[in-house]
């Protein structure tokens, strides 16, 4: 492990050194072994020769059993340093003579038995046995033992030389390899340096220098190619980054500008809304300010006309009538402009109620009879069989019909104006279609384009000839739109005209209005909602079943219902929730309905809340005298109740916006109002 | 002769209306503000009251309420006259206890019809 983590330089040196040293040691060892083996062989030969010579010399002594001569012969061996023992045995194995180097005593390890001739190595000694013969007859055996001193010395010397040689050659190898390893390690180290530099400085422009054409050279080539590629990408990335930064900055600027614009727009919107409010207030005030002098002009001229006629000055009557008619025209102009501005401000509110279509048609025809007669026209009415009731804003339906009919009468001379009313089904919805047809002067295609625009009479000459403000059809159009209906015209010059207004049989108030009434309708006695008193009806009755029935019925009509079981509670709740209207029973324990009614009407804060009496007591005069708006006898006629409460729906919101008048323009409207206002009171009185 | 109390702050309108009503044969008493109207209603006991709604100080609604709350004047029919031709005014007028309602500029024919109707009803009841 430690070896593996060594630097490539060291590794290379180490490998070279190890390799060369190993080879050297191996070859030296081979040589050494060979030399030692052959030297030993030489030594053995030499010892055997020695044994032959001594055997020959001592054969006579053995024959003659001359021990001294034999010992003398053996003693000659002193010259031979390596021979440490020499023994002559008699043929029977007994020692005859001997020689021991350095010692007079017998050594302990003489061979126990005599061997045949030959040599052997035993315990580091070389031992030789030789037969001593005389004239071909064996007379004894010679034993020589050598300690191989020469051999061991030679071996030691050799080993020493070898060690020195290995050391020297190792040093040499180290020197050479450390010089030569640079060939391989230097390029690699250079590559490593370059890499470190690149990664540390992120400078991809640096290149490694290629030294040789070997694998490392190719590696460096590859590395350089890689670097230049990275450099390219880096440059591209940096330029993209730069672009991105610029773009981000641009975007930020744009966002800033947009926010500024948004703020400006918001301010402008607030300003516009403020201006619109100011306009509405201004119009409301102007309406009042203009009407007051007009009142005097029309009134005085009417009065003067009567007086003049009485005094017989007929020639002045015409002039006075002109003043009157101019005044009335001015009044209708003011009303039209107010109506239109009201629509534009989005403040025109729909007051929905259910009514008989035929009744409205009759009213309008009656109203317009004089206008028709003026031009010698006759009005024909056709009502479809299925036409019955519709739910819409009756005032606006009247105005629509009035405008269409009066236009038809105005632009037709001695002709026929026919009104056709049908109930039809389109897209699964019921519609009431009013068609007003005349055979008058007609309308050209060009005139049709702007027909429903404000101040766009067919042309200026028409205004001079026929009069009018040019607002009638625009207002009619807006009213039809307000009730989610359609209006269109078919006409050609000289061929008369057919105006068709199609209104839903059941007009619904959409968006905020309906959401509001719906939420109040659903909410079960939520104080937060009842506080506003908006669309809330207070039911005062001691009979729980009546309370329950009324509550359910009125809830279905999209009112919020609060009920009280007695008079005291009723007055308290009336103060608390300030309801749109109150239904009141007469016969109640403790505080009866008359008392409650009296207290409600004498409280300035509650007096304006309409009260509908709902009772078994048949004393309508009393109720109305005390200030009740209507009087219903139990069991209650639900349709009647629905009509009565619907009349009041939405009136509270109008009460709140007192500054924004809903002008009852047009003669028809005023007459119709007179009729309803008048008949309503007389009807309830007569009942 | 029927007596009419006209409560109206605008001098021209007061003069014009009272003269026209007199020509129709009514006896006309006029008041230029609400308080005077209240006291005249009590002292003169008119057969009918024409009440302008936009009066200085005490407005027509207030005067009507006070008149209707008082036992001695409760029976006198009141016709409200407003310059603001608002639907809500009609309801307001009825709610305040007015017996009828008309908008200004007054259509004299229509107004006299209303006056006659109310006087007739009052006689019948």
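Any read-out appearing in this document is the output of simple, stated calculations on the displayed coordinates, not a laboratory observation. As the structure is a computational prediction, the values presented were derived from the model and not from experiment. Positions of Cβ are generated from backbone atoms using ideal geometry, with glycine treated the same way; all protein chains shown enter the neighbour counts.
Some values worked out for this structure:
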item: Angle between chain A longest axis and helix A:638-648 axis [Cα atoms, degrees, rounded to 10]; result: 80 degrees
item: GNM flexibility winner over chain B from B:79, B:49, B:94 (Cα, springs under 10 Å); result: B:94
item: Burial order of peptide ranges A:45-51, B:6-12 (average beta-carbon count within 10 Å, highest first); result: B:6-12, A:45-51
item: Helix A:593-602 axis, angle to chain A major axis (alpha carbon atoms, nearest 10°); result: 90 degrees
item: Inter-chain Cβ neighbour average for residues A:616-626, partner chain, 10 Å; result: 1
item: Per principal axis, descending, Cα span of the protein assembly as shown in whole Å; result: 217, 73, 55
item: DSSP beta bridge pairing in the protein assembly as shown, given as percent antiparallel to the nearest 5; result: 55 percent
item: Relative frequency of Cα-Cα separations exceeding 18 Å in region A:152-292, percent; result: 79 percent
item: Relative packing of A:186-193, A:557-564, which averages over residues the other C-beta atoms within 10 Å, highest first; result: A:557-564, A:186-193
item: Neighbouring partner chain Cβ atoms per residue of B:6-17, average, 10 Å criterion; result: 3
item: In degrees, nearest ten, helix A:215-310 long axis to first principal axis of chain A (Cα); result: 10 degrees
item: Ordering of A:538-549, A:245-256 by packing [mean C-beta count within 10 Å, highest first]; result: A:538-549, A:245-256
item: Global form of region A:351-504, assessed from the alpha-carbon gyration tensor, a/c cut-off 1.5; result: prolate
item: Distance in nm between pseudo-label sites at residue A:430 and residue A:199 (7 Å out along the Cβ direction from Cα); result: 8.7 nm
item: Partner chain coverage, peptide A:560-572 - average Cβ within 10 angstrom; result: 0
